[in-house]
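Undergrad: This is the structure I want to talk about, given as structure tokens.
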Amino acid sequence: MEMLKGPRYQRRILGLLILFSTAVQPQGTTAREEGDIDAQVLALSREERQKLVEEMDKEELETYLGRLRESTLIALCKRACGEMKDYTAILYKQERLRGRLQGVEKIQLKFRDSPRGIYMKWLDGPWEGREALYSEQALGPSKVRLRERGALGVLPVTLGVDGRLSGRGTNHKITETGLCHLIQMIEKDHIRAVAESDYQRINHGFVELGGRTVYKMESVLSEDPSDGYYCYRVVHYIDLARALDLRVEIYGWDNQLMEAFQYDQLKANQGLTDRDFSPKNPAYRLR
């Protein structure tokens, strides 16, 4: 392993280690050395990480990306999610239902971690005009308040989270919405795939996404659907400075897109209140 030479060099290498890590250890690196480095990079704050990313150029990043462990990246993404007590975003979502790929949905999203609250308003796409609210505080942990568009939306209704009607047009419950759920899903399959030698990583380099430069990489799992993974492969678009997976594309074993989720205009820790997750909010059509 290369020795860290001076504070500037050390900061640059630590910055690289913060951003990505692979399941393959660099030649000559012992488990203890790697563990020491992981502890160092995980101890750095979000502000320190952002400053490091600003100081490094793309060539330096791409030189090291293929040598770093992914488990540290997942831990950093989880920590970044944990630092967001709430956030607002525009969510672009697309899903395949009964074999047919649906149109892209544009959704205004408000999310609060505790007490859990999720507000969604469909701005464009096949479900334009729909509103949905999940609020542990106002509705309880098993209910969702929903108002459809058009004739079906004469009045809002309260439905079970697991119900057929509340799940129209999606493969997921409203409680599965959000960046943290994505990270948990990725981590679950990653741990098992690495342990069973079912994991391959492909780096695609830097691309533009919503006006930001992000790193595109791909996680490929088992080719056999009977192995029980969620999907065959996942394409990630990662905001390095914030350690967030801003776009995820999920492909099935036929190599067709199963679903995609993209978070734009993400604003963290906005101080969202109970009013933002109340069906009585006059800005909503849920009363």
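Undergrad: For the range 173-281, what is one quarter of the convex hull surface built on the Cα atoms, given in nm²?
TA: Its average projected convex-hull area is 8.7 nm².
Undergrad: For the range 226-247 and the range 123-167, write down the distance between their C-alpha centroids in whole Å.
TA: Measuring centre to centre over Cα atoms gives 28 Å.
Undergrad: Can you put Arg112, Arg79 in order, fewest other beta carbons within 10 Å first?
TA: Arg79, Arg112
Undergrad: Further, regarding this structure: Rounded, prolate or oblate: pick one for the range 63-131, where a ≥ b ≥ c are the square roots of the eigenvalues of its C-alpha gyration tensor, a/c under 1.5 means rounded, and failing that, prolate if a/b is larger than b/c, else oblate. Let's see the in-between values first.
TA: Values: a/c = 2.98, a/b = 1.45, b/c = 2.05.
Judged from the Cα gyration tensor, the range 63-131 comes out oblate (a/c at least 1.5, b/c at or above a/b).
Undergrad: Going by average Cβ neighbours within 10 Å, how do the peptides 113-124, 46-57 rank, with the highest at the top?
TA: Working: 113-124: 17.8, 46-57: 14.7.
Answer by packing, highest mean first, reads 113-124, 46-57.
Undergrad: Another question about this same structure. Go through Lys121/Lys173; Lys121/Lys188; Lys85/Lys173; Lys58/Lys267; Lys51/Lys216 and tell me which ones have a Cα-Cα distance over 23 Å in this structure.
TA: Values: Lys121/Lys173 15 Å; Lys121/Lys188 29 Å; Lys85/Lys173 21 Å; Lys58/Lys267 25 Å; Lys51/Lys216 21 Å.
Pairs exceeding 23 Å: Lys121/Lys188; Lys58/Lys267.
Undergrad: Using a 7 Å offset from the Cα along the Cα-to-Cβ direction at both Arg168 and Ala43, what is the distance between the two label points in nm, to one decimal?
TA: For Arg168 paired with Ala43, the spin-label model returns 5.5 nm.
Values in this text are rule-based calculations from the coordinates and carry no lab data. Only a predicted model underlies this, so the values are computations on that prediction, with no experimental measurement involved. Cβ: placed from backbone, ideal geometry, glycine included. Neighbour counts: every protein chain shown.
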